[in-house]
Amino acid sequence: MSDTEAVSLTGLHKRFGANEVLKGVSLRAHTGEVIAVIGASGSGKSTLLRCIPLLEIPEAGEIAIGGETIRMRAAGKGRVPADAAQVNRLRSNLGFVFQSFNLWAHMTVLQNVIEAPVHVQGRPKAEAIAEAEALLEKVGMADKRDAYPAHLSGGQQQRAAIARALAMRPRALLFDEPTSALDPELVSEVLRVIRALAAEGRTMLIVTHEMAFAADVASRAIFLHDGRIEEEGPPAQVFSDPQTERCRQFVMRHLNR
């Protein structure tokens, strides 16, 4: 793990109407660190992750990618990015893997993987194809390069989505419950890929309900409750010796499933 901060969040607040979902969350993810974000449904986990690439815009707080703070400006009763070009540039340093795969249905697996490197990053198509083929091999999808998403299982689609995220050569990978939409028998194939990425030293923030996996793969665990970080630390502490009663009850309930 490096001292370099891949992602830095300071005092994030986010509300939807009268519901304040994030209440001043601060978080530092260093290069090479794997952070597991756990907590009950509605605690703000997915919203926190979606704020990093500004898929949701927080009402207050700062977001920095690779040490560069995203500039914001007031707009109406809220705020918006001050520089769209900066946001697009910094966003390209992040790979986001959603719950629901979000592959383009009209494109083959290979086309899905090369689309952003070619049309967003402007890389030569031949180079993007060669790298995409290597990434598909890495995630066990080389034989499905010419298949369309509709002909793939959920686990295969999610592995293709991981390859697509990796193709951007991201500074950090963001996983939002990557196995929640999968049938139980398909979960292990996706977790195996994520575990291999962690072993490579990839920087990752993983929102997950897979407690045993999180305890095994993470270098740090964060327990979110009611829009605040209630507990954080090494997985051995958070999962084996929680310091707060709420975290203790949550971990015991989910580890014993």
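The values are calculated or read from the model by the stated rules, or taken from the named source; none is laboratory data. Predicted model only: the values in this text are computed from it and were never measured. Neighbour counts run over all protein chains shown; Cβ positions are idealised from the backbone, glycine included. The accessibility values were calculated without ligands, DNA or RNA, using every heavy atom of the protein model including side chains. Shrake-Rupley method; radii C 1.70, N 1.55, O 1.52, S 1.80 Å.
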Among the residues of segment 64-71, is any surrounded by 15 or more Cβ atoms within 10 Å (Cβ to Cβ), part of a strand (DSSP E or B) and modelled with pLDDT of 95 or more?
-> yes
Those residues of segment 1-50 that are of a type in the set (D, E), more than 18 Å from the chain's Cα centre (by Cα) and in a strand (DSSP E or B) come to a total of 1
Going through segment 134-171 in order, the residues found to be surrounded by fewer than 16 Cβ atoms within 10 Å (Cβ to Cβ), farther than 21 Å from M204 by Cα and not aliphatic (A, V, I, L, M) are D143, D146, H151, S153
Query raised in the report: Among the residues of segment 104-114, is any in a strand (DSSP E or B) and in contact (Cβ under 8 Å) with a residue 40 or more places away in the chain?
Result: no
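Check every one of the strands (runs of 3 or more DSSP E) wholly within segment 139-257 and list those with 1 or more residues that are of a type in the set (D, E, K, R).
Working: elements: 172-176, 204-207, 220-225, 228-233.
Per the criteria, 172-176, 220-225, 228-233.
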Note on segment 34-51: residues under 21 Å from L197 (Cβ atoms) and open to solvent by less than 10 Å² (accessible area, probe 1.4 Å) are V34, I35, A36, V37, I38, L48, L49
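Only residues that are of a type in the set (V, I, T) and closer than 20 Å to L136 by Cβ: list them for segment 67-124, please.
Filtering segment 67-124 for residues of a type in the set (V, I, T) gives 69-70, 80, 87, 97, 108-109, 113-114, 118, 120.
Passing the criteria: V97, T108, V109, V113, I114, V118, V120.
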Flagged in segment 95-109 as of a type outside the set (F, W, Y) and open to solvent by 20 Å² or more (accessible area, probe 1.4 Å), in numbering order, are Q99, S100, N102, L103, A105, H106, M107
